Amino acid sequence: MNIEHYKEFREFEEKGLKKQASKSVRAFISSFQSSKEIEEWVWEYLPKLETNRHSRIRHEIFHELVFPILRDGYAKGDLASTLWLGKLSQNIYQSKTAHEALDWVTELDLYNKCHEIDPENDEARLLLLQSIVSWLEYAEHEWPSGILYGNDGATIEQCDEISSEVQRVLSLDKEFKYSEFIKQFNKKLSQYRARLNK
């Protein structure tokens, strides 16, 4: 592996020189000698990851270096690989082939899996918590017209599902960061249920 190509790529990218950046990233990817070398670089690179404003890393690096390593780890139930796939879910959503290879998994699914693998892992717990809260925030964003499930108004059954996610937030939120949010969300949810029951 020739790390100089990677450094050039970063410099060109920072200067907005797209053609040169593409050329350097291609040269960098081609410079790897073995899958072991790729794996070592990926695990060294991920903690100091550079993402764009869409929370994505460079697509060539994701597809050709990072994704194969993380996909294999995920298949074996490896916590670190699953956690990183969650953090890079925007890259997955942008790629039909990557998303399909993971059975159309969502960020929430990935963090759920992490929490199953290691319920004591704080990073996994906090990322799962944040992900559920984002889902609930989306569910209430059209209030007072209703509570959403996906793009439609939630049914009674879906309200039950939403309610169990609310309970999960309470059990995961050891710092009580979302207590107020949950209190007001529950109020809306019960008003919405009452409306549906009429």
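Could you please tell me which pairs satisfy a Cβ distance under 7 Å, a separation of 6+ or placement on different chains, a first residue in segment 2-21 that is within 12 Å of R58 (Cα to Cα), and a second residue that is assigned to a helix (DSSP H, G or I) and among the aliphatic types (A, V, I, L, M)?
From residues that are within 12 Å of R58 (Cα to Cα), the pairs are F9/A21; F9/V25; E13/A21.
Condition first: surrounded by fewer than 12 Cβ atoms within 10 Å (Cβ to Cβ), of a type outside the set (A, V, I, L, M, F, W, C) and at negative phi. Now tell me which residues in segment 143-159 satisfy that. Full working, then the answer.
Of all residues in segment 143-159, those surrounded by fewer than 12 Cβ atoms within 10 Å (Cβ to Cβ) come to 144-145, 150-152, 155-157.
Now drop any that are not of a type outside the set (A, V, I, L, M, F, W, C), which leaves 144-145, 150-152, 155, 157.
The answer is P144, S145, N151, D152, T155, E157.
If you scan segment 76-97, which residues turn out to be out of contact with any Lys or Arg (no Cβ under 8 Å at 6 or more places or on another chain) and over 28 Å from S171 (Cα atoms)?
I92, Y93, S95, K96, T97
Being within 21 Å of F9 (Cβ to Cβ) and within 14 Å of the chain's Cα centre (by Cα) narrows it down to one of L88, L49, L83, so name that one.
L88
How many residues does segment 98-109 hold that are open to solvent by 30 Å² or more (accessible area, probe 1.4 Å), over 22 Å from L126 (Cα atoms) and in contact (Cβ under 8 Å) with a residue 12 or more places away in the chain?
Adding up the residues that qualify gives 1.
Would you point out which residue out of Y93, Y45 is open to solvent by 50 Å² or more (accessible area, probe 1.4 Å) and either farther than 23 Å from D118 by Cβ or among the hydroxyl-bearing types (S, T, Y) (or both)?
Sole residue among the options that is open to solvent by 50 Å² or more (accessible area, probe 1.4 Å) and either farther than 23 Å from D118 by Cβ or among the hydroxyl-bearing types (S, T, Y) (or both): Y93.
Which of the following residues is out of contact with any His (no Cβ under 6 Å at 6 or more places or on another chain), closer than 20 Å to Q90 by Cα and modelled with pLDDT under 95: G146, G150?
G150
Residues are listed down the side, and each one gets a yes or a no for (1) in a loop (DSSP other than H, G, I, E, B); (2) closer than 20 Å to Q90 by Cα:
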position: M1; (1), (2): yes, no
position: K7; (1), (2): no, no
position: A27; (1), (2): no, no
position: R53; (1), (2): yes, yes
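The values are calculated or read from the model by the stated rules, or taken from the named source; none is laboratory data. Please read these numbers as outputs of a predicted model, since none were measured by experiment. Every residue, glycine as well, gets a Cβ built from its backbone with ideal geometry; the counts of neighbours run over all protein chains shown. Calculation scope for accessible area: heavy atoms of the full protein, side chains included, ligands and nucleic acids excluded. Shrake-Rupley method; radii C 1.70, N 1.55, O 1.52, S 1.80 Å.
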